[in-house]
1. Would you kindly state how much longer the chain becomes between residue 72 and residue 5 on full extension, computed as 0.36 nm times their sequence separation minus their alpha carbon distance, in nm to one decimal?
2. If you put +1 on each Lys and Arg Cβ and -1 on each Asp and Glu Cβ, how big is the dipole of the chain around its Cα centre, in Debye rounded to 20?
3. If the elastic network links every pair of Cα atoms under 10 Å, which of 17, 44, 58 fluctuates the most in the Gaussian network model of the chain?
4. Please give me the summed charge of the neighbours of residue 12: other residues whose Cβ is under 15 Å from its Cβ, Lys and Arg +1, Asp and Glu -1.
5. Quick one: with all protein chains in place, what share of the accessible area of the chain is carbon or sulfur, to the nearest percent (1.4 Å probe)?
6. Mind jotting down a quarter of the surface of the convex hull over the alpha carbons of the chain, in square nanometres, one decimal?
7. Once you have the Cα-Cα distance between residue 58 and residue 13, take 0.36 nm times their residue separation minus that, and quote the gain in nm to one decimal.
8. Accessible area per residue for the chain in Å², computed with a 1.4 Å probe and the full protein assembly in place, what is it?
Amino acid sequence: MTFKQLFFRLYDRKITSGEMSFGQTGIRKDKFTKLCTDDGFVFSKEELTDICRRMGASEEEREALFEAASRFW
């Protein structure tokens, strides 16, 4: 599974359940658009750390996202 697929699986679940809103992720709109349109886009390590914290990602979810993103760093 790609970083984009893993990220949106987590993101969609949290948005749909009402656990968070887009604004709470701290993701800039231009970066979100890039993620949506560029299959090879990943956030920087620092950005991903902050986004995972803001989204309340579990340790398992964080590890999966970082593993998928590391293919592009």
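1. Values: separation 67, 0.36 × 67 = 24.12 nm, distance 1.44 nm.
Here the segment from residue 72 to residue 5 would lengthen by 22.7 nm.
2. Working: 13 positive and 13 negative charges, 48 e Å.
It comes to approximately 240 debye.
3. 17
4. Details: positive: 4, 9, 13, 14; negative: 19, 61.
In short, +2.
5. Details: 2290 of 4560 Å².
Answer for the chain: carbon and sulfur cover 50 percent of the accessible area.
6. Working: hull surface 17.4 nm².
Answer in nm², one decimal: 4.4.
7. Values: separation 45, 0.36 × 45 = 16.20 nm, distance 1.30 nm.
Using 0.36 nm per residue and subtracting the Cα-Cα distance, I get 14.9 nm.
8. On the way: 4560 Å² over 73 residues.
Ligands and nucleic acids excluded, the figure is 62 Å² per residue.
The values are calculated or read from the model by the stated rules, or taken from the named source; none is laboratory data. Note that this is a predicted model, so its numbers are computed, not measured. Glycine also receives a Cβ, built like all others from the backbone with ideal geometry; neighbour counts cover every protein chain displayed. Accessible surface areas use protein heavy atoms only, side chains included; no ligands, DNA or RNA. Shrake-Rupley method; radii C 1.70, N 1.55, O 1.52, S 1.80 Å.
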